[in-house]
Amino acid sequence: MRLADRLKRNVPALAIATFAGGALGACQPYNAPMNTLSTQSDLAKWITSLYMQVTIWDTIIMVIVLVAMVLAIFVFSSREGDPGEPSEHESDLMLELAWTVGPALILVFITVPTIRTIMKTQPTKWPADTLTVEVRAHQWWWEFDYPGLKIQTADELHLPANRVVDIKLYSEDIIHSFWVPALGGKRDVIPGQINHITVVPQVPGEYYGQCAEFCGLSHANMRFRVVVDTPEGFKQWTAAQLAPPVEPKQAAAADGEKIFKNAPCAICHQIRGISGFSPQYSYGFRGPDLTHFGSRGTLAGSILENTPENVALWIQNPDKLKPGAQMPTLGLRGKDLQDLVAYLESLK
Ligand code: HEC
Ligand SMILES: [Cu+2]
């Protein structure tokens with residue numbers, strides 16, 4: 001059969017393959033806040049650059065293999081009824097050398113940049129003005145401590161742009177994994193071991209993070225945000241976080257403060273000067289620091305927007321919003337609940 005006829009017979013299969021490929025290619029979602037290819041830090045750029053290099057080599061290999069395959073199927077194959085005997089060709093030294101040396105070289109081209117990137121992304125020394133942040137993973141929320149600044153917060157990790165940040169990863173219970181696609185890297189958070197991610201965030205903005213190692217019932221609800229501030233903005237945020245908690249001005253919030261002090265809330269939640277404990281001595285058994293809770297945009301592992309309605313729903317029944325949540329249902333309702341919410345939201 002002639003080549004043209006053979007191709008013609010396979011037109012439907014080729015058309016389906018082309019359509020499927022095109023449809024997959026068009027699937028790039030326009031709203032993808034956790035796109036690993038949108039790189040906003042030095043670390044993310046290095047990793048993506050390595051990924052692109054490997055992809056280019058892979059594409060070259062794929063094209064060669066596909067072309068050889070199509071030629072073998074459609075051109076250099078014989079069909080029933082074709083005249084002639086099968087080829088008696090046995091071996092070809094040049095060809096065999098080529099397909100041994102070629103792949104070996106490609107492996108070298110992939111290995112060398114990979115090892116270089118690994119070395120670059122795992123420093124063991126940090127410049128003097130590095131900002132150290134201690135990230136503590138809890139089932140199922142993230143705590144952020146700034147030991148040098150004496151700030152403790154949760155859900156939202158503020159970082160200054162264009163400064164080296166050493167993120168030290170601690171687990172308070174089981175294995176988790178810290179992952180902010182736009183800032184690059186993904187690193188396990190392991191009990192009894194401190195892992196590091198070193199990163200220079202480059203573009204101010206808000207980025208989404210997620211626990212990336214299955215850690216139980218609400219693993220998917222263990223999210224967080226990273227807010228990269230301008231250096232000025234970071235200074236302002238630091239000053240606001242260091243301020244003592246706001247004195248309640250309205251009657252409702254003042255009543256809420258009393259309820260907070262007398263309810264079991266104070267056992268698990270620190271509000272500086274109101275309730276508290278030293279984090280070193282109470283691992284595990286505690287909830288997020290609420291000293292400036294009202295300044296956060298999200299709560300409960302960033303699964304909820306911080307609105308009075310959501311905070312009330314959360315306090316009424318944490319487990320309903322977040323299966324397995326380690327905060328008990330305390331049966332507050334009516335005016336007590338409203339006052340407590342007013343107090344928490346006033347803690348800007
Ligand atoms: C047994 C300890 C415990 C008690 C008691 C407790 N909480 Fe919690 N709370 C937690 C834990 C743990 C979380 C984090 C849950 C999560 O996100 O998975 C939390 C989360 C929260 C949050 C969300 C904070 C954030 O930034 O994400 C608020 C608000 C809150 N609690 C308020 C209260 C109030 C008000 C009370 C008292 C009525 C209270 N809690 C009692 C343990 C407790
Ligand atoms: Cu997890």
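The values are calculated or read from the model by the stated rules, or taken from the named source; none is laboratory data. Fair warning: this is a prediction, and the values are worked out from it, not measured in the lab. Positions of Cβ are backbone-derived with ideal geometry, glycine not excepted, and every protein chain shown enters the neighbour counts. Quick note on the areas: whole protein, heavy atoms, side chains included, nothing else; ligands and nucleic acids left out. Shrake-Rupley method; radii C 1.70, N 1.55, O 1.52, S 1.80 Å.
One table, with the values for the structure above:
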quantity: For the stretch 251-346: rounded, prolate or oblate by the Cα gyration tensor [a/c cutoff 1.5]; calculated: rounded
quantity: With Cα atoms, 0 to 90° folded angle of helix 334-346 axis to the chain main axis; calculated: 70 degrees
quantity: Highest to lowest packing among 39-45, 306-312, scored as the average C-beta count within 10 Å; calculated: 39-45, 306-312
quantity: Relative packing of peptides 67-75, 297-305 - highest average C-beta neighbours within 10 Å first; calculated: 297-305, 67-75
quantity: TRP140 long-range amide H proximity, modeled H, under 5 Å; calculated: GLN326
quantity: Ranked by how many other beta carbons lie within 10 Å on average, peptides 187-194, 313-320 from highest; calculated: 313-320, 187-194
quantity: Long-range HN-HN contacts of HIS158 with modeled amide H, under 5 Å; calculated: VAL227
quantity: Table column - 3J(HN,Hα) (Hz), the stretch 161-175, Karplus curve with 6.51, -1.76, 1.60, x for Gly and Pro; calculated: 6, 6, 9, 5, 10, 9, 8, 9, 9, 10, 10, 8, 9, 10, 6
quantity: Calculated from backbone phi, Karplus (6.51, -1.76, 1.60) coupling profile of the stretch 198-214 in Hz, x at Gly/Pro; calculated: 10, 8, 10, x, 10, 10, x, x, 10, 10, 9, x, 7, 5, 10, 9, 3
quantity: Angle in degrees between helix 93-121 and the longest Cα principal axis of the chain, rounded to the nearest 10; calculated: 10 degrees
quantity: Relative contact order (%) - the stretch 251-346, alpha-carbon pairs under 8 angstrom, separation at least six; calculated: 40 percent
quantity: Degrees separating the helix 251-262 axis from the principal Cα axis of the chain, which is the longest one; calculated: 80 degrees
quantity: Rg(Cα)/(2.2 N^0.38 Å) for the chain, N = residue count; calculated: 1.41
quantity: Positive dipole terminus of the stretch 251-346, leading residue within ASN310, GLN338, ALA266 (C-beta point charges); calculated: ALA266
quantity: Non-local Lys pairs in the stretch 213-348, i.e. 8 or more apart or on different chains, that have alpha carbons under 23 Å apart; calculated: 11
quantity: Contact order normalised by residue count of the chain, Cα under 8 Å, 6+ apart, percent; calculated: 16 percent
quantity: Computed [θ] at 222 nm, helices only, for the chain once each DSSP H run of length n ≥ 4 contributes -39500 (n - 2.57); calculated: -12500 deg cm²/dmol
quantity: Percent accessible area from carbon and sulfur atoms, the stretch 251-346, protein chains only, probe 1.4 Å; calculated: 58 percent
quantity: Solvent-accessible heavy-atom area per residue, rounded to whole Å², over the stretch 1-158 at 1.4 Å; calculated: 71 Å²
quantity: Cα centroid separation - the stretch 172-243 against the stretch 328-348, whole Å; calculated: 28 Å
quantity: Chain lengthening between ARG116 and ARG9 when straightened (0.36 nm per residue, less Cα-Cα); calculated: 33.6 nm
